[in-house]
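Only one structure is covered here, and it is reproduced in the block below.
The values are calculated or read from the model by the stated rules, or taken from the named source; none is laboratory data. Please read these numbers as outputs of a predicted model, since none were measured by experiment. Note: ideal-geometry Cβ built from the backbone for every residue, glycine included; neighbour counts use all protein chains shown. Accessible surface is based on the protein model in full, side chains and every heavy atom, while ligands, DNA and RNA are left aside. Shrake-Rupley method; radii C 1.70, N 1.55, O 1.52, S 1.80 Å.
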Amino acid sequence: MSVPEEEETLLPLTQRWPRTSKFLLSGCAATVAELATFPLDLTKTRLQMQGEAALARLGDGATESAPYRGMVRTALGIVQEEGFLKLWQGVTPAIYRHVVYSGGRMVTYEHLREVVFGKSEDKHYPLWKSVIGGMMAGVIGQFLANPTDLVKVQMQMEGKRKLEGKPLRFRGVHHAFAKILAEGGIRGLWAGWVPNIQRAALVNMGDLTTYDTVKHYLVLNTPLEENIATHGLSSLCSGLVASILGTPADVIKSRIMNQPRDKQGRGLLYKSSTDCLIQAVQGEGFLSLYKGFLPSWLRMTPWSMVFWLTYEKIREMSGVSPF
């Protein structure tokens, strides 16, 4: 039954534009989570670039310098040699990315859950539907956000380039977008999109699926109710599963995005995500796919907790039903 136009104008914005509201609310929650945990993301990215076998074969002079070892020494090295505020280098495109990515994935997942797949009469949502919905939401959200993710990764490596005596590539976020666009065209902004959406599919299968499944299991099958304790416990589980599933694809994604390119914008180190995977395993061993896992997990867990607690709270404050 449609609402008369006069009455519709009196409805809260969250009811008049529910999807837009959810997009903006998830973007706000993601911004809070990103600012709180970004130093761990920067540390993770630097760790993922250490000992890159393909870069050594290219003859890059950077491989001659002794790399950092371990999460703590990497983070301390950034502070000592580049400055404390450099722990947030690249945070602006990271926020841009998460507004688009989180908004896209949350709206897509809820649409799939409520409209396409649908819950059963007892409010049960089968795990297989949640898995498919989480992966599809991650793919769509990350594809839309790929340009901002590309800029974030490359800007996170600028401090290291300066220490190695190399010229900085970018003067700022907007210059980075313009330069990448000028050198590689529109396609250049989607460099690394294949491993990026692969990672996003795995991470969201871990994050969205785990959070949704654990939360509703607790609400329907235990004395716990829809409250901060339930949200916190669910987010802890989702952060761990997302890190385990997503770290290998994250390593591949970061390396492809950060590799040097020719004048046509083609990568000089890797032909594809599969080629990068093979070179990493052959040159550095299987565990190289889990470089940066500790900071990734230590970041993903508080990120998930901050995001979900904030998101659920602002939905409640805005009059939107719980996730």
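Could you grab me the full set of residues in segment 186-232 that are out of contact with any helix residue (DSSP H, G or I) (no Cβ under 7 Å at 6 or more places or on another chain) and open to solvent by 50 Å² or more (accessible area, probe 1.4 Å)?
Scanning segment 186-232 gives Ile186, Arg187, Tyr217, Leu220, Asn221, Pro223, Asn227, Ala229.
Among the residues of segment 110-151, what is the count of those that are part of a helix (DSSP H, G or I), charged (D, E, K, R) and without any contact (Cβ under 8 Å) to a residue 24 or more places away in the chain?
Final tally of qualifying residues: 2.
Please determine whether any residue of segment 307-317 is charged (D, E, K, R), within 20 Å of Asp149 (Cα to Cα) and in contact (Cβ under 8 Å) with a residue 40 or more places away in the chain.
Scanning segment 307-317 turns up no residue that is charged (D, E, K, R), within 20 Å of Asp149 (Cα to Cα) and in contact (Cβ under 8 Å) with a residue 40 or more places away in the chain.
Go through segment 93-116 residue by residue and tally those that are modelled with pLDDT of 85 or more and over 30 Å from Ser321 (Cβ atoms).
Residues that pass the stated criteria total 0.
Pick out the one residue from Gly283, Gly319 that is part of a loop (DSSP other than H, G, I, E, B), out of contact with any strand residue (DSSP E or B) (no Cβ under 9 Å at 6 or more places or on another chain) and surrounded by fewer than 16 Cβ atoms within 10 Å (Cβ to Cβ).
Details: Gly283 fails: part of a loop (DSSP other than H, G, I, E, B).
Residue meeting the stated conditions: Gly319.
Could you say which residue among Thr274, Thr310 is closer than 28 Å to Pro18 by Cα and either open to solvent by 70 Å² or more (accessible area, probe 1.4 Å) or polar (S, T, N, Q) (or both)?
Exactly one residue qualifies, and that residue is Thr310.
How many residues does segment 28-53 contain that are surrounded by fewer than 20 Cβ atoms within 10 Å (Cβ to Cβ) and among the hydrophobic types (A, V, I, L, M, F, W, C)?
Going through segment 28-53 one residue at a time, the tally reaches 5.
(1) closer than 22 Å to Trp308 by Cβ; (2) touching a strand residue (DSSP E or B) at 6+ places or on another chain (Cβ under 9 Å): which one isn't true of Lys119, the others all being true?
Every condition holds for Lys119 apart from (2).
Collect the residues in segment 239-263 that are of a type in the set (S, T, N, Q), open to solvent by 10 Å² or more (accessible area, probe 1.4 Å) and assigned to a helix (DSSP H, G or I), keeping them in residue-number order.
The answer is Asn258, and nothing else.
Among the numbered criteria (1) open to solvent by 30 Å² or more (accessible area, probe 1.4 Å); (2) touching a residue at least 24 places away in the same chain (Cβ under 8 Å); (3) not hydroxyl-bearing (Ser, Thr, Tyr), which single criterion is violated by Ile180?
All conditions pass for Ile180, except number (1).
Just give me the residues in segment 76-90 being aliphatic (A, V, I, L, M) and touching a residue at least 60 places away in the same chain (Cβ under 8 Å), in sequence order.
Matches in segment 76-90: Ile78 only.
Yes/no matrix, rows are residues, columns are (1) part of a loop (DSSP other than H, G, I, E, B); (2) hydroxyl-bearing (Ser, Thr, Tyr); (3) out of contact with any Asp or Glu (no Cβ under 8 Å at 6 or more places or on another chain); (4) at pLDDT 85 or above:
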{"position": "Gly265", "(1), (2), (3), (4)": "yes, no, no, no"}
{"position": "Lys271", "(1), (2), (3), (4)": "yes, no, yes, no"}
{"position": "Gln279", "(1), (2), (3), (4)": "no, no, yes, yes"}
{"position": "Leu289", "(1), (2), (3), (4)": "no, no, yes, yes"}
{"position": "Arg299", "(1), (2), (3), (4)": "no, no, no, no"}
{"position": "Pro302", "(1), (2), (3), (4)": "no, no, yes, yes"}
{"position": "Met305", "(1), (2), (3), (4)": "no, no, yes, yes"}
{"position": "Leu309", "(1), (2), (3), (4)": "no, no, yes, yes"}
{"position": "Arg315", "(1), (2), (3), (4)": "no, no, yes, yes"}
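Can you pull out every residue in segment 81-92 that is assigned to a loop (DSSP other than H, G, I, E, B) and surrounded by fewer than 12 Cβ atoms within 10 Å (Cβ to Cβ)?
Gly83
With Ile95, Ile140 as the choices, which residue is open to solvent by 50 Å² or more (accessible area, probe 1.4 Å) and either within 19 Å of the chain's Cα centre (by Cα) or of a type outside the set (Gly, Ala, Ser) (or both)?
Ile140 is the lone residue from the list that is open to solvent by 50 Å² or more (accessible area, probe 1.4 Å) and either within 19 Å of the chain's Cα centre (by Cα) or of a type outside the set (Gly, Ala, Ser) (or both).
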